[in-house]
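The structure appears right after this line, and notes come after that.
The values are calculated or read from the model by the stated rules, or taken from the named source; none is laboratory data. What you see is a predicted model, and the numbers here were worked out from it, not measured in a lab. Cβ atoms come from the backbone with ideal geometry, glycine included; neighbour counts cover every protein chain shown.
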Ligand code: HSE
């Protein structure tokens, strides 16, 4: 067995994402060990004061409020910057790269505006700068553009790059509410900040579009060249008319490339209800990539929040570990197959329409710890019987098989006609 690789990280910022990363590294420690034969240790935490560490159950000795401690610590392999904003994160990252530390960041504003400059500094120091979490949270948009479509010419990328505005538009669409009311709700839920300008004016989405375009087209797109229009003027009437015409209004970030010429914008769009992007609701993000041979491929997922963003940060950390070349390849163990499965069921059976039969069937389900979500009794092609349709809550497949065995032996049940899994 190869020696376990120890990776030491210095974490800058114990905010929402920082805490998510600490939790992930703790909770997934064994998974990371099994997958990569590696162990990730947090050896320094840069914060304003040490109490924050204690409040979160972390060793006070990890605390520093001086970046020089991190630059000078030879044990630190990776600096993970989760402070946000351009300054002083830019200076901290420059310092870390010049101290020959690898850097992982989730900072989209910084990468959009100064990414090229920072990448040059990383290269000249022989270290890497990774920033998957800067775009669309857990959605692996950067890695997909980097590692896939390698034989295709990418014609366009477009998508829902901001969860807050998608939440607001979804609410306006589904409940006919005004922009102002939905914004208030988004703020109450913590999606929108008290100053929501960056989200609602399309600025946040434009940062992400700028970064992703560099990977998609290999062209140096500039934030200033992206035209930006937000959602503040969208009215319930616009949304209603869109619906009548077969469209849903979405704030889309769009970049198209034709013969090295880029067309880039963020603006509200009437999206046909036949297009996948029309169906992305709530705070979800999505990115549709169109290759000239692949056609459109859409990635969908959570674009913000503690766990999803921490997932993308951890992905970069482990990617870096593989770049170092000395983490183990996953060793496959013999799989043990689970005989039981937990799922919801749709059942359709033909039953005699006689007193007491429903209670008999319900009792069999109850005896087998199966809870029923809904029941419909319907006509059947055969006039002598009725169709009984049942949707259950999540239940064990072993219990369901026992129940079905009993049900099918009941003389009032003529046949069990359909047993299907229900998702969602
Ligand atoms: N505020 C962003 C959103 C997440 O609502 O999607 C961070 O970019």
**Prompt:** Here are some residues: 65, 72. Which one is in contact (Cβ under 8 Å) with a residue 24 or more places away in the chain, out of contact with any helix residue (DSSP H, G or I) (no Cβ under 9 Å at 6 or more places or on another chain), surrounded by fewer than 17 Cβ atoms within 10 Å (Cβ to Cβ) and in the same structural domain as residue 9 (by TED's automatic domain parsing)?
**Reply:** 72
**Request:** Answer yes if at least one residue in the range 202-212 is within 16 Å of the ligand (Cβ to nearest atom) and surrounded by fewer than 16 Cβ atoms within 10 Å (Cβ to Cβ), and no otherwise.
**Result:** no
**Prompt:** List the pairs whose first member sits in the range 400-424 and is over 14 Å from residue 365 (Cα atoms), whose second member is loosely packed, with under 13 Cβ neighbours inside 10 Å, and whose Cβ atoms are under 6 Å apart, counting only residues at least 6 apart or on separate chains?
**Reply:** 416/408
**Prompt:** For the range 314-324, does any single residue satisfy the condition of being surrounded by 11 or more Cβ atoms within 10 Å (Cβ to Cβ) and outside any helix (DSSP H, G or I)?
**Reply:** yes
**Request:** State the number of residues belonging to the range 260-294 that are away from the ligand (no atom under 16 Å from the Cβ) and either over 22 Å from residue 153 (Cα atoms) or not in a helix (DSSP H, G or I) (or both).
**Result:** 23
**Request:** Can you give me the number of residues within the range 255-297 that are over 24 Å from the mean Cα position of the chain (by Cα), without any contact (Cβ under 8 Å) to a residue 24 or more places away in the chain and at positive phi?
**Result:** 1
**Request:** Give the residue that is farthest from residue 159 (Cα to Cα), with candidates limited to residues of the range 209-229 that are in contact (Cβ under 8 Å) with a residue 60 or more places away in the chain and out of contact with any helix residue (DSSP H, G or I) (no Cβ under 6 Å at 6 or more places or on another chain).
**Result:** 220
**Complete:** Here the residues within the range 42-62 that are in contact with a helix residue (DSSP H, G or I) (Cβ under 9 Å, 6 or more places away or on another chain) and surrounded by 12 or more Cβ atoms within 10 Å (Cβ to Cβ) are 42, 43, 44, 45, 46, 47, 50, 53, 54, 56, 58, 62
**Message:** For a quick check of your reading of the model, give me the residue pairs whose first member lies in the range 177-202 and is within 23 Å of residue 265 (Cβ to Cβ) and in contact (Cβ under 8 Å) with a residue 24 or more places away in the chain, whose second is more than 10 Å from the ligand (Cβ to nearest atom) and part of a helix (DSSP H, G or I), with beta-carbon atoms closer than 8 Å and at least 6 apart or on different chains.
**Reply:** 179/172; 192/183; 196/183; 196/187; 200/183
**Item:** Residue that is farthest from the ligand (Cβ to nearest atom) [pool: residues in the range 153-185 that are touching a helix residue (DSSP H, G or I) at 6+ places or on another chain (Cβ under 7 Å) and in a strand (DSSP E or B)]
**Value:** 154
**Asked** In the range 186-196, what residues are near the ligand (Cβ under 9 Å from one of its atoms) and modelled with pLDDT under 95?
**Response** 191, 192, 193
**Request:** Considering each residue of the range 97-124, count those that are in contact (Cβ under 8 Å) with a residue 60 or more places away in the chain and either buried (at least 21 other Cβ atoms within 10 Å of the Cβ) or outside any helix (DSSP H, G or I) (or both), and give that number.
**Result:** 7
**Asked** Identify, please: which residue in the range 77-96 is in contact (Cβ under 8 Å) with a residue 60 or more places away in the chain and more than 18 Å from residue 121 (Cα to Cα) and is, among those, surrounded by the most Cβ atoms within 10 Å (Cβ to Cβ)?
**Response** 82
**Prompt:** Taking the stated definitions as given, is residue 199 surrounded by fewer than 24 Cβ atoms within 10 Å (Cβ to Cβ) and modelled with pLDDT of 95 or more?
**Reply:** no
**Message:** Could you tell me how many of the residues in the range 186-208 are farther than 15 Å from residue 232 by Cβ and in a helix (DSSP H, G or I)?
**Reply:** 4
**Request:** Can you tell me which residue within the range 5-24, out of those that are surrounded by fewer than 20 Cβ atoms within 10 Å (Cβ to Cβ) and touching a strand residue (DSSP E or B) at 6+ places or on another chain (Cβ under 6 Å), is farthest from residue 89 (Cα to Cα)?
**Result:** 5
